[in-house]
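Following: one structure in structure tokens, then a few remarks.
What follows draws every value from the coordinates through simple rules; no lab data is involved. Computed from a prediction, not measured in an experiment: that's the story for all the values here. FYI the Cβ positions are ideal-geometry reconstructions off the backbone, even for glycines, and counts take in every protein chain you see.
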Amino acid sequence: MNLELIAKEIRKSIVKMNAKSYASHSGTALSVVDILTVLYFKIMNIDSANPSLKNRDRFILSKGHGSSALYATLAEKDFFDKSLLEGFYIDGGELPGHLDKEAAPGVEVSSGSLGHGLSLGIGMAIANKIDNNDSNVYVVCGDGELNEGSVWEAIMFAPHKHLDNLTLIIDYNKLQGYGRTNEVINLEPLKDKLLSFNWDVIEIDGHNFSEIESALLKNSKQPKAIIAHTIKGKGVSYMENKFEWHYKSPNEEQLNIALNELL
Ligand SMILES: Cc1ncc(C[n+]2csc(CCOP(=O)(O)OP(=O)(O)O)c2C)c(N)n1
């Protein structure tokens, strides 16, 4: 299985979807693709033919404005036909701009109002413990999302419950909706903060497939936080690390440049 090729296909779908619907959040979606690729194609116990499999691992994209990334990944993994992606974020289309769990098979949680995904994941992880179900729960939050106080309540609670079946992945692309994360509310020293809340913390390059995989596979007795250093807009040169691509959608010429770069 060639993860690089899969990630490229997902990125192609994302730029096409956002260009067609004039949608925001291209940079948001491109940032998290490599993490999704490893989760869905190497790590998670899921079955696209049976999305409600009882003992499946669960994934929550808490930064639900990056919806195009998850929809595109699920389509790539055959949860549904890629033609459904054509109805992304348009009037009368099937896939709303923020994640909707009723809209497509494989989406576990509706999200987009930031700050709720980790708490939902904790609920699922506790339910698994009660049911003696040894499946895992994975949650991706954005770095800007960590400005939400509710996330820190959840960060405090998960180690108290010793949720060794829960992994938080922080998509740390250093940009958010209103500027650079360290200028809006600085998160540093992030690793020390998470360690002091009793998480097992691993810091990785969030675009390096083997680092992502080893971090996800690492055994831990506590909930695990992976600080994934990423690049907003990763894979499309003119979007990389450019704040405005939180909001802009590619025009036809820009779409063609992006698709050529992703060949
Ligand atoms: C509760 C809530 N407040 C504000 C917003 C508006 N909003 C949408 S995206 C965003 C910034 C998110 O930044 P980050 O988590 O770093 O994600 P990125 O796009 O950089 O991946 C904000 C504040 C929201 N969706 N939900």
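Observations
- Convex hull volume of the Cα atoms of the stretch 121-238, normalised per residue: 106 Å³.
- Note on the chain: GNM, Cα springs under 10 Å; of LEU118, LEU175, LEU53, the largest mean-square fluctuation is that of LEU53.
- Applying 0.36 nm per residue to the separation of LEU259 and ASP205 and subtracting their alpha-carbon distance, the gain on full extension is 17.0 nm.
- Choice from SER220, SER110, SER13 showing the highest fluctuation, given a GNM over the chain with Cα pairs closer than 10 Å: SER220
- Kirkwood-Stokes translational diffusion coefficient of the chain, alpha-carbon pairs, 4 °C, 1.567 mPa s, µm²/s: 71 µm²/s
- Part-to-part distance (alpha-carbon centres) for the stretch 102-140 and the stretch 1-78, which is given in Å: 16 Å
- Calculated FRET value between SER52 and HIS162, using beta carbons and R₀ = 30 Å, to 0.05: 0.65
- Between LYS82 and ASN2, the distance separating the two model label sites (each 7 Å from Cα on the Cα→Cβ line) works out to 1.5 nm.
- Listed pairs LYS16/LYS191; LYS161/LYS193; LYS101/LYS242; LYS82/LYS218; LYS101/LYS161 exceeding 24 Å between Cα atoms: LYS16/LYS191; LYS101/LYS242; LYS82/LYS218; LYS101/LYS161
- Isotropic mean projected area of the C-alpha convex hull, the stretch 150-189 (nm²): 3.6 nm²
- DSSP beta bridges fully contained in the chain are about 10 percent antiparallel.
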